[in-house]
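**Q** Please read through the structure below; I'll follow up with questions.
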């Protein structure tokens with residue numbers, strides 16, 4: 001969090017300790033009544049635990065029936081096709097064992113592709129083994145392959161529909177879970193802001209609990225009030241009906257926090273904890289014990305290892321392939337830019353990449369050329385005079401709007417970024433990575449944004465983890481840095497592939 005954001009939020013009026021009373025009004029999230037009704041029960045309550053396996057089972061049964069030739073044929077199925085009837089329960093069992101029915105805060109559709117594909121495929125192989133065991137032969141190849149394919153398609157469609165429905169309802173705040181945050185410091189306020197600005201997580205912060213309620217005034221809690229101290233937990237839960245608690249950093253001793261978590265678990269309250277060293281943790285955490293004492297081991301990504309060498313080699317191969325395939329489009333765009341207004345088709349701008357290396361960054365020119373400006377100022381006419389407003393990063397149109405009609409189209413469709421494939425081919429950039437910034441802004445952001453310089457440990461990218469999550473242009477800089485550092489800590493070739501697929505989907509949305 002930067003200093004400007006802190007200063008803007010310190011004026012938030014906050015209740016003092018002891019203001020919680022039995023007659024006090026409920027927090028806004030609960031007063032609005034958005035977390036009641038059948039939709040809440042089906043998508044966030046107990047109904048969600050029943051809905052997912054029920055839909056999966058129904059669609060698997062349909063897949064088997066269709067593969068066998070219809071309902072009448074299924075009622076009189078031949079012995080060699082009978083093992084296919086075991087496909088639906090086997091798939092559901094594997095889904096359960098693979099953890100596909102666990103509740104996640106924000107599950108992407110792509111996250112379920114590999115687990116679903118593997119579970120359905122393994123179940124299909126188990127059906128084939130069952131056929132050999134019962135009938136000394138595999139089920140008819142045509143029926144068996146159709147059952148496998150239709151099961152994949154059916155389950156895929158059903159899970160996409162459920163995920164989209166839940167995301168739609170959450171984004172419109174029709175459903176969600178009210179949540180208490182223990183710890184009204186910087187981290188607790190950051191959690192509250194993230195949940196308020198991203199309703200797709202399905203968690204609505206209704207208040208803080210802290211030993212020193214006034215501490216939240218140092219960072220601002222927006223519309224989230226301090227409801228009392230840790231001792232007020234039971235009363236707050238009784239009055240609000242909250243069943244979810246997030247433990248952030250607070251002044252409460254660790255021993256008391258441990259007892260509080262045990263107390264919540266006994267009461268059926270779901271507890272999540274922001275770990276003390278959250279900025280050093282990734283998905284490569286190992287767990288071990290010394291006697292009854294747990295030990296966590298952290299494994300960092302080797303940014304100079306073989307995997308990154310493979311990544312950079314693949315970058316150049318893919319960039320060359322894309323340049324060849326897209327060469328007609330690139331040529332047409334270049335001609336259109338030259339004809340739209342006097343000036344070159346491309347513009348070059350200095351950007352900072354890996355290890356602070358400054359390189360020439362290519363884009364299609366989208367604005368009219370002004371003779372009294374340098375090349376680096378043509379696309380960002382107000383860049384040198386730009387003042388960081390709060391937590392908003394520079395981007396988009398800064399200053400006078402000199403975009404040409406062709407330039408507007410190129411920016412809206414992100415086609416102006418295509419020349420950066422030459423940067424990838426030269427080795428200055430990668431296909432996936434944090435977006436590069438101008439040198440003058442890098443120096444400013446290093447002073448004001450925590451861990452901003454960490455992004456320069458890897459090559460800059462044409463697309464990135466923050467961009468596919470909507471953080472483009474003039475959006476939150478601190479949040480963008482947080483997403484980019486997450487990408488570096490959790491990097492894998494699989495994550496790069498996911499980002500490239502999400503980028504392809506994002507191309508159908510307006511980039512400005």
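Here, each number is a calculation from the coordinates, and none is a lab measurement. All figures in this text were calculated on a predicted structure; none of them were measured in a lab. Cβ atoms come from the backbone with ideal geometry, glycine included; neighbour counts cover every protein chain shown.
**Q** Could you put 504, 441 in order, starting from the residue whose Cβ has the fewest other Cβ atoms within 10 Å?
**A** On the way: 504 11, 441 20.
If I rank by nearby Cβ atoms, fewest first, I get 504, 441.
**Q** Can you sort 316, 159 so the residue with the fewest Cβ neighbours within 10 Å comes first? Please list the in-between numbers first.
**A** Values: 316 16, 159 21.
Taking fewest neighbouring Cβ atoms as first place, the list is 316, 159.
**Q** What nm value, rounded to one decimal, do you get for the distance between residue 309 and residue 237 when each label is placed 7 Å out toward the C-beta?
**A** 5.4
**Q** Kindly identify segment 306-506 as rounded, prolate or oblate by the Cα gyration tensor criterion: order the square roots of the eigenvalues as a ≥ b ≥ c, call it rounded if a/c is under 1.5, otherwise compare a/b with b/c, prolate if a/b is larger, else oblate. Kindly include the intermediate steps, with their values, before the conclusion.
**A** Numbers: a/c = 1.76, a/b = 1.15, b/c = 1.53.
Note, shape of segment 306-506 comes out oblate.
**Q** Modelled label-to-label distance, residue 368 and residue 172, 7 Å Cα→beta-carbon offset: nm?
**A** So the label points at residue 368 and residue 172 sit 4.3 nm apart.
**Q** Rounded to the nearest 0.05, what FRET efficiency do residue 133 and residue 36 have when you use their Cβ-Cβ distance and R0 = 41 Å? Can you show the working numbers first?
**A** Working: r = 51 Å, r/R0 = 1.24.
Calculated transfer efficiency: 0.20.
**Q** While we're on this one: Calculate, in nm to one decimal, what residue 316 and residue 110 gain on full extension: separation in residues at 0.36 nm each, minus their alpha carbon distance. Present the calculation step by step, with values, prior to reporting the outcome.
**A** Details: separation 206, 0.36 × 206 = 74.16 nm, distance 2.51 nm.
Extra length from residue 316 to residue 110 when fully extended: 71.7 nm.
**Q** Under the 0.36 nm per residue contour assumption, what length would be gained going from the current alpha-carbon distance of residue 46 and residue 253 to full extension?
**A** On the way: separation 207, 0.36 × 207 = 74.52 nm, distance 3.43 nm.
Between residue 46 and residue 253, full extension yields an extra 71.1 nm.
**Q** Can you sort 250, 476, 165 so the residue with the fewest Cβ neighbours within 10 Å comes first? Present the calculation step by step, with values, prior to reporting the outcome.
**A** Working: 250 22, 476 19, 165 15.
So the residues, fewest neighbours to most, are 165, 476, 250.
**Q** While we're here: Under the classification rounded if a/c is under 1.5, otherwise prolate if a/b is larger than b/c and oblate if not, where does segment 407-457 fall, given a ≥ b ≥ c as square roots of the Cα gyration tensor eigenvalues?
**A** Working: a/c = 2.74, a/b = 1.59, b/c = 1.72.
It is oblate, given that a/c is not under 1.5 and a/b is not larger than b/c.
**Q** Multiplying the sequence separation of residue 163 and residue 212 by 0.36 nm and subtracting their Cα-Cα distance, what value in nm do you get? Walk me through the numbers on the way to the answer.
**A** Numbers: separation 49, 0.36 × 49 = 17.64 nm, distance 3.95 nm.
Taking residue 163 through residue 212 to full extension adds about 13.7 nm, to one decimal.
**Q** Let me ask something additional. Going by the alpha-carbon gyration tensor, a ≥ b ≥ c the square roots of its eigenvalues, is segment 439-512 rounded (a/c under 1.5) or, if a/c is not under 1.5, prolate (a/b greater than b/c) versus oblate? Can you show the working numbers first?
**A** Numbers: a/c = 2.30, a/b = 1.38, b/c = 1.67.
Oblate, because a/c is 1.5 or more while a/b does not exceed b/c.
**Q** Could you work out the relative contact order of segment 40-171, using alpha carbon pairs under 8 angstrom and six or more residues apart, expressed as a whole percent? Kindly include the intermediate steps, with their values, before the conclusion.
**A** On the way: 115 pairs, mean separation 48.5, N = 132.
This gives 37 percent for segment 40-171.
**Q** Label residue 297 and residue 283 with points 7 Å out from Cα along Cα→Cβ: what is the distance between them in nm?
**A** Placing both labels 7 Å beyond Cα along the Cβ direction yields 2.0 nm.
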